[in-house]
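The values are calculated or read from the model by the stated rules, or taken from the named source; none is laboratory data. Source: prediction; values computed, not measured. Glycine also receives a Cβ, built like all others from the backbone with ideal geometry; neighbour counts cover every protein chain displayed. To get the accessible areas, we keep the full protein, side chains included, count just its heavy atoms, and leave off ligands, DNA and RNA. Shrake-Rupley method; radii C 1.70, N 1.55, O 1.52, S 1.80 Å.
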Amino acid sequence: MASPAAGVVVIVGSGLIGRSWAMLFASGGFRVKLYDIEQQQVTNALENIRKEMTFLEQSGSLKGSLGAQDQLSLISGCLNIQEAVEGALHIQECVPENLELKKKIFARLDQIIDDQVVLSSSTSCLLPSQLFAGLAHVQQCLVAHPVNPPYYVPLVELVPHPETAPATVDRTHALMRKIGQSPVRVLKEMDGFVLNRLQYAVISEAWRLVEEGIVSPSDLDLVMSDGLGMRYAFIGPLETMHLNAEGMLSYCDRYSEGMKHVLKTFGPIPEFSGATVEKVNQAMCLKVPADPEHLAARRRWRDECLQRLAKLKRQMPSQ
């Protein structure tokens, strides 16, 4: 397969993730066809993208070298899947997280694509072996899982099917880099991939600490936002270990016994129900009431924080 070059990318599904992908690919100079089954969904998505890009340009946060109008001109809606995939180099599926629905879409795409295009799913938890089983073009298939909101959080997990061709992964990795994302290669499929496994480990222990009365929900979140999260925004847990001693060997020699002692005290998987749910919910609602207006406002604040952090990270030298 040829290496990525400016061409046509198809987005299947015009929801939040689909719109974000469309904006990202347009920022990289690609022509984007946004496919959905209803005209109103496509119309609404294109209007949403127009407003978002205009705002991003006004706030100095628009990605890519092209202006908002030029990027918008690269994005078009499409209601015919056969027409949408013509000339495509990459197809990014973004429909709801339903295995049967996704399999139905990939079975249809499998019938109409050529041997060049990459078929990619945005799924956050469905395994490639489930999604792509039995497809004739399975060597061209993989998962490219973004992190919400993808426009501000650049990580993309690339997860191959056992039969995915290495060239498919290489090509998708290069494509993601071209549009400013940070792709990571998950070398073999596993439930939860990597990001969610790490996230669930943190959530699980956070829940246990609150459930056992060790810390309040609000203070628990503070441990992450004003503690671990600050350095994790720039370096990961393994490099943190490396820097917190005279290198990794020194860290493990110094702290491994203490770590193993603490890890043995971790409890079973929480039920995420009962009195602890009420306690955590009450604390969260004191901070952000769980009605649509307050939640939307807090998400906008979160996205602005991520936008500013992304800008800072781009300005900081990597070495």
query = Is there any pair linking a residue in the range 86-114 that is closer than 17 Å to ARG171 by Cβ to one that is in a strand (DSSP E or B) and of a type in the set (Lys, Arg), with Cβ under 9 Å and at least six apart or on different chains, and which?
reply = GLY87/ARG31; ALA88/LYS33
query = Taking the range 299-308, which residues are under 17 Å from ALA233 (Cβ atoms), open to solvent by 60 Å² or more (accessible area, probe 1.4 Å) and either outside any helix (DSSP H, G or I) or not aromatic (Phe, Trp, Tyr) (or both)?
reply = ARG302, GLU304, ARG308
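Residue-wise test of (1) on the phi > 0 side of the Ramachandran plot; (2) touching a residue at least 60 places away in the same chain (Cβ under 8 Å).
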| residue | (1), (2) |
| --- | --- |
| GLY13 | yes, yes |
| ARG19 | no, no |
| LEU24 | no, yes |
| GLY28 | no, yes |
| VAL42 | no, no |
| PHE55 | no, no |
| GLY64 | yes, yes |
| LEU72 | no, no |
ask   = For the range 203-224, which residues satisfy the criterion of being among the aliphatic types (A, V, I, L, M) and surrounded by 13 or more Cβ atoms within 10 Å (Cβ to Cβ)?
value = ILE203, ALA206, LEU209, VAL210, VAL215, LEU220, LEU222, VAL223, MET224
message = So the check is Cβ under 8 Å with 6+ separation or different chains; which pairs have a first residue in the range 175-191 that's within 18 Å of PHE30 (Cα to Cα) and a second one that's outside any helix (DSSP H, G or I) and hydroxyl-bearing (Ser, Thr, Tyr)?
response = MET176/SER182
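From the residues in the range 134-193 that are of a type in the set (Asp, Glu) and in a loop (DSSP other than H, G, I, E, B), which one is least open to solvent (accessible area, probe 1.4 Å)?
Filtering first and then ranking leaves GLU189.
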ask   = In the range 225-265, how many residues are within 31 Å of the chain's Cα centre (by Cα), of a type in the set (S, T, N, Q) and surrounded by 12 or more Cβ atoms within 10 Å (Cβ to Cβ)?
value = 2
